[in-house]
Structures are given as C-alpha cells and as structure tokens.
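Trainee: Would you mind keeping the following structure in view while I ask a few things?
Rule-based calculations on the coordinates, nothing more; no lab input. No experiment lies behind these values; they were computed from the predicted model shown. Cβ sites come from the backbone with ideal geometry, for glycine too, and all protein chains shown count toward neighbours.
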Amino acid sequence: MSEEKKKKTITIRNIDEELYAKASALARSIGETVGEVINEALRVFLSLAEGSYELVQKMREGVETTLKTVVVGDLDELTVSKSDLESVEGRVRFRNIKKLIFDNTVDLETFNKKVHSIVFVNEVVIPKNIAKLKALTKMKFVKKVTYSE
C-alpha cells in the first residue's frame, strides 16, 4: 500500500450518541476530523490488543478488575465522602457524570490515594482543602471545577 492509506466511507450502527458528540468536539478542538480521531483511537486499541490473547481476555473481563479500580459513572449527580472513598477496595474512576461533588470530609491524602481519574464530568465540586491544580491532574474532559461552599 502506498504512503497515502486507503480510505473508505463506513457506517457503524449503534454508536453511543454522547460518545460520538464528545469525539466530535475533541476532533474540532484539535483541528482534526472525527474520522481521524476514531482512526487513531482504533490504532491505539489494536496496538494494545495485537498478538496478545491474554490482554484481550483482560479487556473483556475488565481492566478495572485487574487493576483493582472501580468505575462509577453514568449519573446526573453524585456526592462522595471520605468514608465512601475508603470503603472501596482499590481506586475509583469517575466517568460520565453531570455533577460530581466531593464533600468537605474528603482530604487531599484520601483524594490522591483513592481517586484514579475523573473523565467526562460536566462539573466537579471539591472542598477548599484540595488545591484545584492538584485535583486537575486527575481530570480530563471536565467542563467546570468549583470549590464547595
């Protein structure tokens, strides 16, 4: 195949509309087409899975189980306390939540130890004892970060 890769128009059914909208927004923000962003995502996915049945099995079972992380998401609003975080074995990945609130019992040490990541959240509310920039290191695709009252 030549340097210019062969391209084809393909229709894929049952794509999650919200994921597509987020991929589209990401593509616009970096000056790429949605197709280019999806192609890159597929390249990354395939490079991880290529030649490794064991890796594919772990992905099917859920990498979260292997890494002792729990995924919490697909919610409109969630308030989390220090005891909530401590009750989970491993770390927590928060994803696809409209409003995520960490109450005032959550301290920096617990936040760092128990929160793996916060992704695709419209608004995150953190206690004043957690520095915003420190908290931001765990966040991707978050629209707004505020301190609790």
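Trainee: Which entries of 82/143; 22/144; 114/143; 98/134; 68/140; 114/144 show an alpha-carbon separation above 18 angstrom in the structure shown?
Mentor: From the list (82/143; 22/144; 114/143; 98/134; 68/140; 114/144), the Cα-Cα distance tops 18 Å for 82/143; 114/143; 98/134; 68/140; 114/144.
Trainee: Shifting gears a bit: Write out the trypsin sites (Lys or Arg not before Pro) in segment 89-128 meeting two conditions: DSSP loop, and at most 15 other Cβ atoms within 10 Å of their Cβ.
Mentor: Of the trypsin sites (Lys or Arg not before Pro), the ones in loops of segment 89-128 whose Cβ has at most 15 other Cβ atoms within 10 Å are 128.
Trainee: So who's got an amide H within less than 5 Å of the one on residue 106, skipping anything under 5 residues away but keeping other chains? H placed 1.01 Å off N, in plane.
Mentor: The answer is 82.
Trainee: A follow-up question, please. What does the extension gain come out to for residue 18 and residue 117, with contour length at 0.36 nm per residue minus their alpha carbon separation?
Mentor: 33.7 nm
Trainee: Residues of segment 106-149 with amide nitrogen under 18 Å from the 7 Å Cα-to-Cβ point of residue 98?
Mentor: Those under the cut-off are 119-125, 142-146.
Trainee: Another question, then. Can you give the FRET efficiency to the nearest 0.05 for residue 147 and residue 11, using r as the Cβ-Cβ distance and R₀ = 35 Å?
Mentor: Computed FRET efficiency for residue 147 and residue 11: 0.15.
Trainee: Tell me the trypsin sites (Lys or Arg not before Pro) within segment 6-35 that lie in a loop according to DSSP and have at most 12 other beta-carbon atoms within 10 Å.
Mentor: Here the trypsin sites (Lys or Arg not before Pro) that fit, given the DSSP loop and packing criteria, are 6, 7, 8, 13.
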